[in-house]
Every structure is written in C-alpha cells, then in structure tokens.
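So the structure is just underneath, and the comments pick up after that.
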C-alpha cells in the first residue's frame with residue numbers, strides 16, 4: 001500500500017513538474033515574442049521619426065555659396081515654410097557674449113517663416129504659435145594660430161545648450177558639433193548666449209559656414 005502511495009506521489013510530482021515546465025515554456029515564448037515586437041516597433045518608430053526630422057531639416061541645410069543659393073532651391077510648400085526658422089551664425093571670436101545671427105536668403109525666399117519673428121536689434125527669435133518645437137544647432141569652430149584647450153557652450157535660453165570641447169592645437173582643421181532638443185514653447189523670445197571656459201581663446205573662431213540654429217513646429 002505504501003509502495004502504491006509512493007508511486008502515486010511520484011507520478012503526481014512528475015505531472016506537476018511537467019505542467020510547470022509547459023507553463024514556463026509558454027511564458028518564455030510569449031515574453032520573447034513581446035520583446036521582439038516591442039523592439040521592432042521602437043526601432044521602426046525611431047527610424048520614422050529620424051526620417052521625418054531629416055526631411056523637415058532638408059530645406060535649411062547650411063549650403064556653400066553656390067549658384068543654388070543665389071537662385072533659390074526647389075520650391076517648398078508654403079505651409080511648411082511657415083513653421084520653420086533657420087539662422088546662420090555670424091563669424092566671431094570666442095568670448096562670453098550674445099550670439100549674433102542672420103536669416104539666410106534663398107532667391108526670393110527667406111529662412112524665417114511667418115510663424116516666427118526675428119529681431120536683429122535684440123538678436124532674438126520668437127515663435128508666435130504655442131506648441132512643441134524641435135530645435136537643432138550646429139557649431140563649427142576653427143583655430144587661426146596657436147589655440148588653447150577649452151569649452152564652448154551656446155545656450156538657447158533654458159531650452160537647448162550645445163557644448164563643444166576644444167583641444168589645444170595649431171591645426172586649422174574644423175572642430176564641430178550638432179545638438180538638438182524638443183521643447184514646449186509659449187511665445188517666449190529666445191536669445192542665444194555664448195559662454196567660453198578656459199584660458200585665452202582669441203585664436204579660436206566660430207565660422208559662419210557650418211554654424212547655425214533652426215527650429216520648427218512639430219505637427
């Protein structure tokens with residue numbers, strides 16, 4: 001009788017272990033499928049966002065002074081242009097100061113849409129419409145003689161800060177960096193401040209070509 005009970009207990013344990021194993025297998029399979037779907041969805045979403053941002057930025061790429069800049073690029077939908085603003089930096093030495101920018105003219109078009117007000121006297125950019133904005137900045141710096149190491153930071157209010165680490169060098173090879181942020185705007189003016197950290201930086205120069213700030217209203 002005891003032997004029969006033992007056999008029943010062993011069989012019961014084996015069935016229980018089998019059921020647990022099956023449940024565990026199902027759980028693992030479901031988890032793997034879920035993770036695969038989640039990662040695939042995230043990757044696809046990220047790729048779509050990147051492609052959308054890239055297509056949005058295309059009209060305002062910093063271009064070399066070619067015939068296209070004088071005649072203007074291919075027409076771009078007016079409703080899209082209204083949501084964009086792009087400013088090119090003026091070439092300056094690196095020092096603590098308010099950044100100076102100017103719009104770029106493409107034939108009869110200008111790189112500041114009607115949704116924005118650029119004040120050249122105040123060097124401020126103000127979006128009229130409240131909403132979520134994508135902001136991006138590119139800094140391009142060159143050494144003109146014997147340059148010290150240091151840090152260059154350009155801040156757009158409290159919305160975006162782009163920091164570029166500069167090496168000690170005598171090379172004229174450009175040092176550059178791109179930064180971006182997504183931020184909520186409520187009609188406040190944006191003023192860009194340059195801050196320099198380090199020893200004497202007078203031989204470093206911010207180049208107009210390749211240095212710019214842009215923003216657009218996210219749909």
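Quick note: the coordinates plus some simple rules give every number you see, no bench work behind them. Predicted model, so just to flag it, every value in this text is computed and none were measured. So basically every Cβ, Gly included, is an ideal-geometry build from the backbone, and we count neighbours across all protein chains shown.
Neighbour counting of Cβ atoms within 10 Å sorts the residues 179, 147, 162, fewest neighbours leading, into 179, 162, 147.
Residue order for 204, 101, fewest other beta carbons within 10 angstrom first, comes to 101, 204. Tell me, what is the FRET efficiency for residue 130 and residue 82 to the nearest 0.05, using R0 = 25 angstrom and their Cβ-Cβ distance as r? Calculated transfer efficiency: 0.95. Restricting the calculation to Cα atoms, region 64-217 yields a radius of gyration followed by a Dmax of 16.2, 48 Å. Listed by Cβ neighbour count within 10 Å, with the fewest neighbours leading, 133, 106 appear as 106, 133. Can you give the extra length, in nm with one decimal, that the chain gains between residue 161 and residue 122 once fully stretched, where that is 0.36 nm per residue apart less the Cα-Cα distance? Between residue 161 and residue 122, full extension yields 12.1 nm more.
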